[in-house]
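Okay, so here's the structure we're looking at.
All of the numbers you see were taken from the coordinates with simple rules; none came from a lab. A quick note: this is a predicted structure, and the numbers were derived from the prediction, not measured. No Cβ is skipped: glycine too gets one built from the backbone with ideal geometry, and neighbour counts run over all protein chains shown.
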Amino acid sequence: MRAIWAGIIGVFVIAVLLRSAVAASIIGTPHDLSPMGEEDACHYCHTPHGALAGTPLWNHELSTAVYQIYQSSSLDAEPGQPTGPSKLCLSCHDGTVALTQTISGGSGGGTYMPPGAANLGTDLSDDHPISFVYSAALSAEDVQIRQPSTLPEQLKLDRSSELQCTTCHNPHDNQYDNFLVMSNYRSEICVSCHDLYGWTTSSHESSTASVLGSSDSYLQNSDYVTVADNGCLSCHRPHSAGGSERLLHFDKSEDNCLNCHDGSVAQTNLENDLAKLSRHDVVSYQAVHDLKESPTTSPRHVECVDCHNPHAIQDTAAQAPAAPGVMRGVTGVTASGGDTQKAQYGYEVCFKCHGDNPSRVESTITRQITQTNTRLEFDLSGPSFHPVVSPGVNQNVPSLKSPMTVATIIYCTDCHNSDSASGTKGPHGSNYPNLLAYRYETADYTRESEFVYELCYKCHSRNSILNDESFPSHRRHIKKAPCSACHDAHGISSAQGTTTNNSHLINFDTSIVSADTMSGRLEFEDLGVFKGRCYLRCHMRRHSPKSY
């Protein structure tokens with residue numbers, strides 16, 4: 001009998017100690033509801049008698065709400081209506097049940113969760129998904145989700161292997177604020193589950209830029225100062241996100257980039273470029289882009305994430321045609337027209353919109369051969385092309401400036417880029433048409449100068465051109481006719497042009513050049529190195545033919 005009493009007393013002592021430890025840990029925290037009428041801070045959640053069956057002695061009335069659940073085209077997990085611990089948390093945090101509405105000995109009343117971050121409401125579509133099975137099968141399906149066996153001990157799944165509110169939050173311990181189970185400094189909680197491609201070596205992961213200058217109130221009120229220390233929280237919100245899908249700070253995709261890349265956090269101000277005459281107009285498209293979209297069938301649009309992967313981006317240079325660090329981890333279309341999840345070459349990112357997609361941009365110049373598929377214009381089997389995919393076909397280009405040679409490969413962005421002198425890089429916006437980095441006039445009767453063809457003269461020596469080193473009549477022609485009257489800057493498709501008629505990027509602008517009235521021909525014939533003849537009519541002059 002003495003032994004039995006000793007055992008009972010021992011159990012009682014342990015229970016008291018556990019109760020004291022719990023009570024001590026929540027006293028003074030937002031979960032301490034004792035000032036609302038109960039001396040016992042635990043009572044609003046737990047009761048030793050009359051608790052809900054199958055719960056941890058739960059004493060609070062449960063919500064009967066039906067919730068809107070998080071959805072995303074890139075979500076492989078299958079969350080449903082809240083279950084287990086999450087259902088218990090929401091009995092207060094969805095704001096539909098009074099905080100004091102308990103099952104046993106409650107005081108009732110009408111005090112509800114006040115408006116604010118803790119009141120999640122019944123719309124959980126803007127909150128991190130919960131109540132889904134976190135399994136090895138899920139990790140196998142989504143390689144950017146870590147195996148459950150690798151989770152730190154603080155991140156606990158429930159008995160059904162489901163991720164719940166209590167995976168990230170410990171309602172009894174607020175030492176890390178927001179009742180987090182561990183510090184989320186540099187997104188330690190987030191990256192324990194999410195193994196994002198390129199994140200550990202990305203510019204955002206290591207950026208020491210201060211977020212305090214951002215206009216984003218979420219960042220202004222953050223516990224951390226730098227982009228790196230905020231980590232995922234620099235762009236994402238686990239609860240009450242502005243952009244529900246993928247839990248971004250703002251609903252408009254570009255706002256999540258421009259709240260830092262407007263000069264307030266990042267050094268350069270892209271907002272200025274995006275307001276220029278010619279631009280990748282990310283502001284004009286809303287709810288069009290999708291992470292899982294097909295680049296060959298998606299409707300016309302452009303968003304920052306079409307060209308940049310914020311999880312993998314690096315501020316590193318590369319040698320053409322290799323994709324530079326700012327395009328690291330971005331999807332693309334290969335030179336042969338296939339989709340790739342990680343573009344290896346810079347042009348593959350451009351080909352997503354300017355290649356096979358039928359919604360691509362049309363040319364502003366009326367060409368003898370019409371082709372708006374840039375991928376085909378740079379086709380290696382074509383008669384001539386600028387050296388973007390590979391070195392060009394022509395092995396005799398005396399006008400090239402050193403250190404360029406006929407073996408040189410260039411980027412699309414060598415021509416299409418910001419015209420800003422302030423250091424802004426990339427084809428975000430330019431005051432020159434067609435997003436050109438430098439001036440390039442295409443109007444007839446343009447008077448030649450080093451300024452009107454500045455784009456061409458960045459690579460081609462003006463002296464060489466005017467001295468007729470590659471074409472005996474260059475000087476005479478460009479006094480009145482623009483370069484574009486004869487040359488198609490991208491190239492000519494092999495399905496449309498020939499090496500005889502379309503070498504040297506010859507593809508006439510038919511608003512300037514027309515067919516020869518005598519022969520009826522509009523044609524250039526390549527007769528060998530620095531030799532050729534034309535059949536055409538231009539500026540009231542007839543070539544029937546004219547040989548060079």
Signed unit charges on C-beta, dipole axis of segment 120-236, positive-most listed residue W199, T226, N174: W199
Whole-Hz ³J(HN,Hα) for each residue in segment 145-152, computed from phi via Karplus 6.51 cos²θ - 1.76 cosθ + 1.60 with θ = phi - 60°, x for glycine and proline: what do you get? 10, 6, 4, x, 5, 9, 5, x
Assigning unit charges at the beta carbon (Lys, Arg +1; Asp, Glu -1) and nothing else, what dipole magnitude in debye, to the nearest 20, does the chain show about its Cα centre? 2300 debye
Report, by chain and number, residues whose modeled amide H sits under 5 Å from the one on F132, excluding near sequence neighbours (fewer than 5 apart, same chain). L163
Just subtract the alpha-carbon distance of S210 and L151 from 0.36 nm times their residue separation and send over the number in nm, one decimal. 18.2 nm
Per residue of the chain, what 222 nm ellipticity follows from adding -39500 (n - 2.57) for every DSSP H run with n ≥ 4, rounded to the nearest 500? -4500 deg cm²/dmol
With θ set to phi - 60° and the Karplus curve 6.51 cos²θ - 1.76 cosθ + 1.60, what are the ³J(HN,Hα) couplings of segment 309-321 in order, to the nearest whole Hz, using x for Gly and Pro? 9, x, 7, 10, 4, 10, 8, 10, 7, 8, 9, 4, x
With Cβ to Cβ distances under 11 Å as the rule, what net charge do the other residues near R439 carry (K, R +1; D, E -1)? -3
What ranking do E153, E61, E254, E188 get, fewest neighbouring Cβ atoms within 10 angstrom at the top? E153, E188, E61, E254
Among the DSSP beta bridges whose two residues both lie in the chain, what percent are antiparallel, rounded to the nearest 5? 95 percent
From the residues H311, S73, S284, which one has its Cα farthest along the dipole of the chain in the positive direction, the dipole being from +1 and -1 charges on Cβ of Lys/Arg and Asp/Glu about the Cα centre? S284
Past the 22 Å Cα-Cα mark, which pairs from K276/K479; K352/K425; K458/K479; K458/K531? K276/K479; K458/K531
Quote the FRET efficiency, to the nearest 0.05, computed for D468 versus K425 with a Förster distance R0 of 56 Å and r equal to the Cβ-Cβ distance. 0.95
Treating only the Cβ atoms of Lys and Arg (+1) and Asp and Glu (-1) as charged, compute the dipole magnitude of segment 201-267 about its Cα centre; round to the nearest 20 debye. 60 debye
Could you run the Karplus curve 6.51 cos²θ - 1.76 cosθ + 1.60 with θ = phi - 60° over segment 223-233 and give me ³J(HN,Hα) per residue in whole Hz, x for Gly and Pro? 6, 10, 9, 9, 4, 4, 5, 6, x, 4, 5
Can you compute the charge dipole magnitude of segment 29-130 about its Cα centre, using +1 on each Lys and Arg Cβ and -1 on each Asp and Glu Cβ, nothing else charged? Give it in debye, rounded to the nearest 20. 180 debye
Using modelled amide H (1.01 Å from N, peptide plane; none on Pro or chain starts), what sits under 5 Å from the amide H of T331, excluding residues fewer than 5 places away? A343
Computed from the beta carbon distance with a Förster radius of 56 Å, FRET efficiency for Q81 and V529 to the nearest 0.05 stands at 0.15
So who's got an amide H within less than 5 Å of the one on A118, skipping anything under 5 residues away but keeping other chains? H placed 1.01 Å off N, in plane. none
Using the count of nearby Cβ atoms within 10 Å as a rough guide to exposure, how do V191, V389 rank from fewest to most? V191, V389
Options T64, A443, Q341, ranked by Cα towards positive dipole end of the chain, top entry (Cβ charges): A443
